[in-house]
1. Which of (1) assigned to a helix (DSSP H, G or I); (2) over 14 Å from residue 15 (Cα atoms); (3) modelled with pLDDT of 80 or more does residue 41 not meet, given it meets every other one?
2. Among the residues of segment 20-44, count how many are surrounded by 11 or more Cβ atoms within 10 Å (Cβ to Cβ) and either charged (D, E, K, R) or closer than 19 Å to residue 72 by Cβ (or both).
3. Taking the criterion of being assigned to a helix (DSSP H, G or I) and at pLDDT 80 or above, would at least one residue in segment 16-33 satisfy it?
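The values are calculated or read from the model by the stated rules, or taken from the named source; none is laboratory data. Values in this document were obtained by computation on a predicted structure and should not be read as measured data. Using ideal geometry, Cβ is built from the backbone for each residue, glycine included, and neighbour counts are taken over all protein chains shown.
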Amino acid sequence: MKLNAVNADQFASLIRSCTGKVCLLTADGDCMVIGGSLASRIGLAKILSVAQQQDIAVACEDRQDQIKIEQFLARFCAS
């Protein structure tokens, strides 16, 4: 999926509410933990702007977090 329609502030708030690690995965196998301090330093908006250029998967350590993010993305991308 492409994350081009995702609002960075809303997505960041959702990520902060997660209990486990949340990662963005590229088709090339790159993985970035987006709830971590490196992502915070770089800035989620910048990361998402790069993510708009390719297909990205979101993987969560916790199954409930995964469901929550999938529901958000489905709702957000549908509007």
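1. Condition (3) is where residue 41 drops out.
2. 13
3. Taking segment 16-33 first, the residues assigned to a helix (DSSP H, G or I) are 16.
Applying the additional criterion that residues be at pLDDT 80 or above yields 16.
So far as segment 16-33 goes, yes, one or more of its residues are assigned to a helix (DSSP H, G or I) and at pLDDT 80 or above.
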